[in-house]
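The values are calculated or read from the model by the stated rules, or taken from the named source; none is laboratory data. Remember, predicted model here, so these are calculated numbers, not experimental data. Cβ sites come from the backbone with ideal geometry, for glycine too, and all protein chains shown count toward neighbours. Note: areas computed on protein heavy atoms with side chains; ligands, DNA, RNA excluded. Shrake-Rupley method; radii C 1.70, N 1.55, O 1.52, S 1.80 Å.
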Amino acid sequence: MGEQYNHAAVEDKWTKYWAKNPINVNDGKKPKYYCLDMFPYPSGNGLHVGHWRGYVISDVWSRYKLMKGHYLIHPMGWDAFGLPAENYAIKMGIHPAVSTAENIKNIKRQINQIAAIYDWDMEVNTTDPGFYKWTQWIFVQMFKKGLAYEKEMPINWCPSCKTGLANEEVVSGKCERCGADVTKKDLKQWMLKITAYADRLLDDLDKLDWPEKVKKMQTEWIGRSYGAEVDFKIDGRDEAITVYTTRPDTLYGATFMVLAPEHKLSPTLATDETRAAVEQYITDSANKSNVDRLQNKEKTGVFTGSYAINPMNGAKIPIWLSDYVLADYGTGAIMCVPAHDDRDFEFAKKFDIPIVQVIAKDGKEIENMEEAYTEASGLMINSGDWNGMESSELKVKAPHIIEEKGFGHAKKNYKLRDWVFSRQRYWGEPIPIVHCPKCGAVPVPEEELPLTLPDVEKYEPTGTGESPLAAIEEWVNCKCPVCGEAAKRETNTMPQWAGSSWYFLRYVDNKNDKELVDKAKAHEYLPVDMYIGGVEHAVLHLLYSRFYTKFLYDIGVVDFEEPFKKLFNQGMVTGKNGVKMSKSMGNVVSPDDLVRDYGCDSLRMYELFVGPPELDSEWDDRGIDGVNRFLNRFWNLVMENKDKDVAETEELKTIRSQLVDTITKRLESFSLNTVVSGFMEFSNTLSKLSAKGGVDKETLKTFARLLAPFAPHIAEEIYEILGGEGSVFASGWPEADAAALVVNTKEIAVQINGKMRATIKIDVNADKDTVISAAKEAAGKWLTDNIVKEIYVPGKIVNIVCK
RNA sequence: GCCGGCAUGUCGGAAUUGGCAGACGAGACAGACUCAAAAUCUGUUAUCCGCAAGGGUGUGUGGGUUCAAGUCCCACUGCCGGCACCA
């Protein structure tokens, strides 16, 4: 037997070789393949084995594409703005730029241990002024197109972080980052009008090769619905309350209305008798945090004392206030049809409001209604001239009827809301806007970008809602770019999402200071062919990136509308019992020691072998011994056979082709865990053949080539030992010999009455009678004289049914 | 509550999509090598009955379709993730 495999020496040798002889080169002829990882936030904790897994998956896929003859775009960068660096600065007094740079250094070291073929010439960092110049530039373009606007609105306020939060950052009423209960605060906020793109964001999902799950989540997040806006006159006043409804067909059944307490008409509806109660209810709702409002399932409400007129039948219906109506969806007011809506039904029952059924169930009116009838099908009743119409048809026609009658119109609505884009924080891109007393909000001229983030003494949020930047007078005070008069800079910064919404465009032209990206380069290398990352970004990051790309398409920066053609979500790696790896749980496994003890190749393969890549997997350190033993066994197999000059037999040729076929199929279907087990199986088979007579070099070489994307170092070494020319990655992806894959004999199972009783060897081309009689012979003792049925599925199975 | 996903040996997980359940690996047990241990190699390892040959049972639960069900259908249970009164 040859020398033992020394992973440290071999891995070091090939790391140096690749540095001198790059394997991913653009000769201008190869088709490009852009494989992108979701870039990391450079946390001080470094990477754990879960982060590693995503990068290994993308590297295996990239190397496979490389061997298939592509030029790879496989870049890496840093999403480095954000709260943790700032909080660390507050705690330790270290500038975020300093701690971030340190963290990047450490994580880059860890990423290099993976031996992924990232092109570091393409590296980007969202905190680099040369990068955020363009993040700011995009904002200015959006401002010019009216997509960035200021709005005074009640925003979510985290009293602990002392900062505003986007709706998306509030998780069940609590701050996404610190877990504190979120309250509300009125602040002037920069907003991005993502809702202007709602239809395109929804409709274009069809074009994407993404997991259905993610598409569905985005669809629901956008939440498009079709209905009508209807005006209800307030009794005794000239004003009307406009409501949005998806069920205009049930208009005759509207027996009351409910307004959100925040609705601007709410305070005006109170009468002398109800004023105290109404004002109390409005105050209470305003003070309630989102948590209380959500936890209290029991509906609350107060009658205003005012009435509205149902425009269809002229009925006087009471107007109520309740916090189950949301101020910021639809019009903040609803018409209530208790007979056909669960929530309205519950409310009507509780407050004893009449219930009028307008759609017949099974052709009849329901006696003693106990729950709302929510089906949109059935004939209309109690509905004047609509009686007898089919409700599902009326639902479509009603908006037009209403429009003709002049008290409403058809309307589309979305759950998607505009994006709150300002943060009262230091560590983010300054929003490039100047507030001039005369000219209003004016963008910083493009030639003055980047508007760099100044140094501050104190990073703490001010607690008043202002950013720490507000304290730097010489930065805040400036001249208006339009009129030249004294003006003040915007002091809010952008959210972390700003940079990550477009970074993938910058990789291919990361040093360009004239344009965000050169058009020719963007056309040549983009869009991204494969995007790999965690499912936690299914909605926000992926939706924002799609929005940005569509906007940049509209202003002619790029010539494609969707950034990511294919998406793969890898599962999480958890600790024992599926517990998420976290510092506080003390179950974080660092890859560093494993790389040192077992080598990069072993860890790469174990990251894949631990479970199906798309599912969560429990990490168990002991499992890595299995793949490590496999690599050593394969090494020993090569050592045994390298000088033997074994002739290629038919059997070996068949095994070789099966190996290529199996690995390629599993790899193509992203079943990376079974690729690894496939390697083990074939290695075991070859070991047995080696003991008998030996294994030919061509087979071992093919094995090494297939192994290369997974365990690149050992594959290179073995390929070289076996006399391969140059890098194994230049050898192309092996092809299976179709002729050798054809098998003539096969062992199949024989079932009697569905129970497996024997196996027989058959000629795959044998006819049914031949196979059946062979089966009868093999399983004769189970047969009776009364044979009911004989089934032969060619090449698969025999089943004989007898009584 | 709604929408997804999952459920297979002691453990992680396979099963060509309806065709021999438990591949591959971990762990455990036994043996070889060794003064000894580690490493390595060989074997056993779902479960029940049986000395054995052999047979029965078995993929969360209950039913169904089928020659044949881990896989399809119906009902249910448990766990994980997402959304949370969206009119």
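Would you mind checking which residues have amide H under 5 Å from A:Gln751's amide H? H placed 1.01 Å from N; only 5 or more apart, or other chain.
A:Arg757, A:Val798, A:Asn799, A:Ile800
Taking only protein heavy atoms and a 1.4 Å probe, what accessible area per residue, in Å², does chain A have with all protein chains in place?
With all protein chains present, chain A gives 45 Å² per residue.
Quick one: which residues, 5+ away or cross-chain, put their amide H under 5 Å from the amide H of A:Asn125? H built at 1.01 Å from N.
Residues meeting the amide H criterion: A:Trp78.
Where does the charge balance sit around A:Ile752 when Lys and Arg score +1, Asp and Glu -1, over other residues with C-beta under 14 Å from its C-beta?
For residues surrounding A:Ile752, the net value is +3.
Short version: ³J(HN,Hα) in whole Hz for each residue of the stretch A:738-747, in order, from phi by Karplus 6.51 cos²θ - 1.76 cosθ + 1.60 (θ = phi - 60°), x for Gly and Pro, what are they?
Each residue of the stretch A:738-747 in turn: 4, 5, 6, 7, 6, 10, 9, 10, 8, 9 Hz.
Kindly provide the pair-distance distribution of the stretch A:699-762 built from C-alpha pairs, with 10 Å bins from 0 and whole-percent values in order of increasing distance.
19, 30, 16, 18, 14, 3
Could you run the Karplus curve 6.51 cos²θ - 1.76 cosθ + 1.60 with θ = phi - 60° over the stretch A:632-648 and give me ³J(HN,Hα) per residue in whole Hz, x for Gly and Pro?
Values per residue, Gly and Pro as x: 5, 5, 5, 4, 4, 4, 5, 4, 4, 9, 5, 9, 7, 6, 6, 6, 6 Hz.
When the distances between all Cα atoms of the stretch A:597-674 are binned every 5 Å from zero, what whole-number percent does each bin get?
For the stretch A:597-674, the pair-distance distribution reads 3, 13, 16, 19, 20, 14, 10, 4, 2, 0.
Rounded if a/c is under 1.5, else prolate if a/b is larger than b/c, else oblate: which is the stretch A:189-256, with a ≥ b ≥ c the root eigenvalues of its Cα gyration tensor?
prolate
Write down the radius of gyration of the stretch A:646-751 and its Dmax, each obtained from C-alpha positions, in Å.
So, for the stretch A:646-751, Rg and Dmax equal 14.3, 53 Å respectively.
I need the shape label for the stretch A:511-621. Rule: rounded when a/c is under 1.5, else prolate if a/b > b/c, else oblate, with a, b, c from the alpha carbon gyration tensor.
Cα axes put the stretch A:511-621 in the prolate bin.
Return the calculated 222 nm mean residue ellipticity for chain A, to the nearest 500 deg cm²/dmol, obtained by summing -39500 (n - 2.57) across DSSP H runs with n ≥ 4 and dividing by the residue count.
So the calculated ellipticity at 222 nm is -11000 deg cm²/dmol.
Under 20 Å between alpha carbons, and skipping anything fewer than 8 positions from A:Lys796 in its own chain: which aspartates and glutamates qualify?
Of all the aspartates and glutamates, those that pass the test against A:Lys796 - Cα under 20 Å, at least 8 places apart if same chain - are A:Asp661, A:Glu747, A:Asp763, A:Asp767, A:Asp769, A:Glu777.
What is the Cα coordinate range of the stretch A:411-522 on the first, second and third principal axes, sorted by size from largest, in whole angstrom?
In descending order, the Cα extents are 42, 40, 35 Å.
From the Cα gyration tensor of chain A, with a ≥ b ≥ c the square roots of its eigenvalues, which class applies: rounded if a/c is under 1.5, or else prolate if a/b is larger than b/c, or else oblate?
Note, shape of chain A comes out oblate.
Kindly state, to the nearest 0.05, the FRET efficiency for A:Val743 paired with A:Asn6, given R0 = 41 Å and r defined as their beta-carbon distance.
Using R0 = 41 Å, I get an efficiency of 0.55.
Report the calculated FRET efficiency for A:Glu474 and A:Arg622 (r = Cβ-Cβ distance, R0 = 56 Å), to the nearest 0.05.
0.40
Highest mean first, how do A:382-392, A:578-588, A:656-666, A:595-605 rank when packing is the count of other Cβ atoms within 10 Å averaged over residues?
A:595-605, A:656-666, A:382-392, A:578-588
Place a +1 charge on the Cβ of each Lys and Arg in chain A and a -1 charge on the Cβ of each Asp and Glu, then give the dipole magnitude about the Cα centre in debye, rounded to the nearest 20.
960
Among all the lysines, which ones have a C-alpha under 17 Å from A:Lys30's C-alpha, if same-chain residues fewer than 8 places away are not counted?
List returned: A:Lys65, A:Lys68, A:Lys521.
What does the charge dipole of the stretch A:694-803 about its Cα centre add up to, to the nearest 20 debye, if the Cβ of each Lys and Arg holds +1 and the Cβ of each Asp and Glu holds -1?
It comes to approximately 920 debye.
Given Cα pairs under 8 Å that are at least 6 residues apart, what percent is the relative contact order of chain A?
14
For chain A, find the longest principal axis of its Cα atoms and tell me its angle to the long axis of helix A:600-609, 0 to 90°, nearest 10.
Roughly 60 degrees, rounded to the nearest 10.
Given the options A:Leu615, A:Trp635, A:Gly586, identify the residue whose Cα lies farthest towards the positive end of the charge dipole of the stretch A:586-668 (+1 on Cβ of Lys, Arg; -1 on Cβ of Asp, Glu).
Checked the options; the winner is A:Trp635.
Among A:Gly388, A:Asn45, A:Tyr244, whose Cα projects farthest towards the positive end of the dipole of chain A, with charges put on the beta-carbon of Lys, Arg (+1) and Asp, Glu (-1)?
A:Asn45
How much net charge surrounds A:Lys566 when only other residues with a Cβ under 15 Å from its Cβ are counted (Lys, Arg +1; Asp, Glu -1)?
Residues near A:Lys566 contribute -2 overall.
For A:Ser160 and A:Arg275 in the same chain, what is the full-extension length gain: residue separation times 0.36 nm, less their Cα-Cα distance, in nm?
Answer, rounded to one decimal: 37.8 nm.
Sum up the charges of everything whose Cβ sits under 15 Å from the Cβ of A:Ala348, counting Lys and Arg as +1 and Asp and Glu as -1, but leave A:Ala348 out.
With Lys, Arg at +1 and Asp, Glu at -1, the net is -4.
If you fit an axis through the alpha-carbon atoms of helix A:712-721 and take the longest principal axis of the Cα set of chain A, what angle between them do you get, 0 to 90°, nearest 10?
On a 0 to 90 degree scale, this one is about 20.
Could you name the lysines in cross-link range of A:Lys299, using Cα to Cα under 20 Å and dropping any fewer than eight places away on the same chain?
Excluding near neighbours in sequence, the set is A:Lys288, A:Lys349, A:Lys350.
Could you list which residues have their amide H under 5 Å from that of A:Tyr34, counting only those 5 or more apart in sequence or on another chain, with H placed in the peptide plane?
Excluding prolines and chain starts, which carry no amide H, the hits are A:Ile73, A:Asp529, A:Met530.
For helix A:391-405, what angle does its Cα long axis make with the longest principal axis of chain A, in degrees from 0 to 90 and rounded to 10?
It works out to around 40 degrees.
Can you work out the FRET efficiency for the pair A:Ser669 and A:Ser392, with r the C-beta to C-beta distance and R0 = 45 Å, to the nearest 0.05?
Between A:Ser669 and A:Ser392 the formula returns 0.60.
How much of the accessible area of chain A, probe 1.4 Å, is carbon plus sulfur, in whole percent?
49
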